Structure formats: structure tokens, C-alpha cells
Amino acid sequence: MTQAPPKALAFDVFGTVVDWRSSIAAAAAPVLAAAGRGDIDAFAFTDAWRARYIVGMRAFGESGRGFVKLDVLHREMLDAVLDELGLDLGEGERQALVMGWHRLDPWPDSVEGLTRLKQRFPIVTCSNGHIALMVNMARHAGLVWDAILGAEIAQAYKPLPAAYTATAAALDLAPHELCLVAAHHGDLAAARAAGLQCAFVHRPLEYGGAPAPDLRYEQEWEYRATSLIDLAGKLGC
């Protein structure tokens, strides 16, 4: 390491702390079956929905559109996927699927790892999820955040620099005093460009064992870990 340890840790949440793929597939499977489309694999459906998110976050920052909460974007992306599949779900089913993102289950190591890290560092979110979503998820999954920060307070979505720098500023920290913890090289690359330290947590099952879509952004990060428990050990927690 060439710089002082961070003074606080900010976490990407979707994929890093919680298992969005299994959680959303579990929510989608009965909805698809009830609609008479049990032929649609729930994981494939979830992957198609998430793929629109990955592309959409980068496009949103270039669109000039004013900030809206992630529920709005999740709904727009869901509607587009349903149109592609020729699947006409009712308003209730659509809203239930969107709200599924508020109830994602944690990875097995997440709660213990966060609890240990919290003993030494302030731990906050730096997520594209809005505050209500993050609070609901934290209560569902037992996530012990000190604060919910990120896109909504910045009024900007990652990977725009403001999403990272506003999170640091909310903690009265310079960007280099904050470390982003994430399972995504693209997220970390944007955080590093904004001045943050970076910790990569390997989540090989995030995409069901398929390669992550952002491997081209991989760099030598300040920290690397196989889990949040492993990261806690490496940070002396």
C-alpha cells in the first residue's frame, strides 16, 4: 500500500453485499408460473432485467434526464423486458416484482463481515439504490449500515463521479480517505478515477458462475478479498 488506510468504507450493495440474482429469480418464478409462462426460466428472466440495468446506468448519466429513484428505472426496464417476451402482467404483478429489489437476501458472509468491519470503520452504502429501498433491504437482510448514502443524496448514479465524491463529502472526508468496497471492476474503476481507495470482493456466483461483464476494467486494487469476512481480517477487524 502506498497511502494511509481509509477512514471509512462505502459499499456497493447489489451483488457485493446481497445476492440479487437468486433473490429476484425466486420472486419471479411464481409470477411467471401464474401467468402461464412457466417455460420462461426465472434466472434467464432475471439476467435479462439486470442486463438492462447495467447498460442503463451508464446511459442515464449521458442522457441529461433528471434524477429519478431506482424504482422508476427498474419499472421501466421491467416493462421493456416483458414487452420483449410478449408477457402481459398486471399492474400488481409488475409492482410486486419491482418491490422484490427491496427484499434481496445477503450473501452468507455479509452480515458477519459488515458487523466486524463496523467495529473499526464507519460503514455506509454507496449504491444506486435509493434511500427507501436501501432501508427496506437493510431491515430484511440484517445489514448494519451507519448511513444510507450514494445516488439519491448525490442526485447522480454511479459511475458518475458525483455519486462517489458526494458520499465522501457527506462523511466530511476527502475522496482518498474513503474506500469503496465492490464486487465490480467497473464500479471500482470509476471510484478510483474520483479519488477513492478500492477494495475488490470476489463474488463468482453473482451471475450464476458466468463471467462478470466488466472484467476489462480490472486493475490492481488496494485490497482484494474473497468475502467480507476475509476483508475484515485484512483490515484488522
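Between helix 161-170 and the chain, what is the angle of the helix's C-alpha long axis to the longest principal axis, kept within 0 to 90° and rounded to the nearest 10? Here the helix axis deviates by roughly 60 degrees.
With everything on Cα atoms, drop me the angle between helix 42-63 and the longest principal axis of the chain, reported from 0 to 90° to the nearest 10. The answer is roughly 60 degrees.
Under a Gaussian network description of the chain, with springs only between Cα atoms under 10 Å, the residue in Asp172, Asp109, Asp12 that fluctuates furthest is Asp172. Rounded to the nearest 0.05, the FRET efficiency derived from the C-beta distance between Ala132 and Asp39 at R0 = 35 Å is 0.55.
If you take the square roots of the eigenvalues of the alpha-carbon gyration tensor of the stretch 98-237 and sort them as a ≥ b ≥ c, do you get rounded (a/c under 1.5), prolate (a/b over b/c) or oblate? Spell out each step's value before the answer.
On the way: a/c = 1.12, a/b = 1.02, b/c = 1.10.
Cα axes put the stretch 98-237 in the rounded bin.
Could you tell me which of Trp49, Gly90, Pro175 has its Cα farthest along the dipole of the chain towards the positive end, charges placed at Cβ (Lys, Arg +1; Asp, Glu -1), taken about the Cα centre? Going by the charge dipole, the pick is Pro175.
Here r is the Cβ-Cβ distance between Arg224 and Arg120 and R0 is 22 Å; the resulting FRET efficiency, rounded to 0.05, is 0.75.
Each Lys and Arg Cβ is given +1 and each Asp and Glu Cβ -1; about its Cα centre, the stretch 118-237 then shows a dipole of about 200 debye. Cross-link partners for Lys234 among the lysines, with Cα-Cα distance under 24 Å and sequence neighbours closer than 8 places in the same chain left out: Lys7, Lys118. In straight-distance terms, cross-link reach from Lys69 covers every one of the lysines whose alpha-carbon lies under 24 Å from its own, apart from those fewer than eight places away in the same chain; here that gives Lys158. Ordered from largest to smallest accessible area (heavy atoms of protein chains, 1.4 Å probe), the residues Glu220, Glu177 come out as Glu220, Glu177.
Does anything in the stretch 77-111 have its amide N under 17 Å from the 7 Å Cα→Cβ label point of Ile54, and if so which residues? Under cut-off, by backbone N: 77-78, 81. Dipole size of the stretch 13-140 about its Cα centre, with +1 on Lys/Arg Cβ and -1 on Asp/Glu Cβ: approximately 700 debye, rounded to the nearest 20.
Largest GNM mean-square fluctuation among Val124, Val81, Val181, using the chain with Cα springs under 10 Å: Val81.
Remind me, relative contact order of the chain in percent, using alpha carbon pairs under 8 angstrom and six or more residues apart?
25 percent
Decide, for the stretch 77-144, between rounded, prolate and oblate: order the square roots of the alpha carbon gyration tensor eigenvalues as a ≥ b ≥ c, take rounded if a/c falls under 1.5, and otherwise choose prolate if a/b is larger than b/c, else oblate. In terms of gyration-tensor shape, prolate. Considering helices alone, the calculated mean residue ellipticity of the chain at 222 nm is -14500 deg cm²/dmol, with DSSP H runs of length four and up weighted by -39500 (n - 2.57) and normalised per residue.
Test of understanding: what is the full-extension gain from Arg216 to His202, defined as 0.36 nm times their sequence separation minus their Cα-Cα distance? Full-extension gain reported as 3.5 nm.
What separates the Cα centres of the stretch 212-230 and the stretch 146-179 is a distance of 20 Å. Across the options Ser22, Val72, Leu9, the greatest Cα extent toward the positive end of the charge dipole of the stretch 1-114 (unit charges at beta carbon of Lys, Arg, Asp, Glu) belongs to Leu9. Largest mean-square fluctuation among Asp19, Asp187, Asp88, in a Gaussian network model of the chain whose springs join Cα atoms under 10 Å apart, belongs to Asp88. Between the beta carbons of Phe67 and Val144, assuming R0 = 22 Å, the FRET efficiency works out to 0.20 to the nearest 0.05. Ranking Asp146, Asp214 by solvent-accessible area of protein heavy atoms (1.4 Å probe, all protein chains present), from largest to smallest, gives Asp146, Asp214. Per residue, the stretch 40-108 exposes an accessible area of 48 Å² to a 1.4 Å probe, with every protein chain left in place.
For a quick check: with amide H placed at 1.01 Å from N, whose amide H comes under 5 Å from His130's, ignoring anything fewer than 5 positions away on the same chain? It is Leu70, Asp71, by chain and number. Sort the chain into rounded, prolate or oblate with this rule: let a ≥ b ≥ c be the square roots of the eigenvalues of the Cα gyration tensor; rounded if a/c is under 1.5, and if a/c is not under 1.5, prolate when a/b is larger than b/c, oblate otherwise. Prolate, because a/c is 1.5 or more and a/b exceeds b/c.
The values are calculated or read from the model by the stated rules, or taken from the named source; none is laboratory data. As the structure is a computational prediction, the values presented were derived from the model and not from experiment. Cβ coordinates were reconstructed from backbone atoms using ideal geometry, including for glycine residues, and neighbour counts include every protein chain displayed. Surface areas here come from the heavy atoms of the whole protein model, side chains and all, with no ligands, DNA or RNA. Shrake-Rupley method; radii C 1.70, N 1.55, O 1.52, S 1.80 Å.
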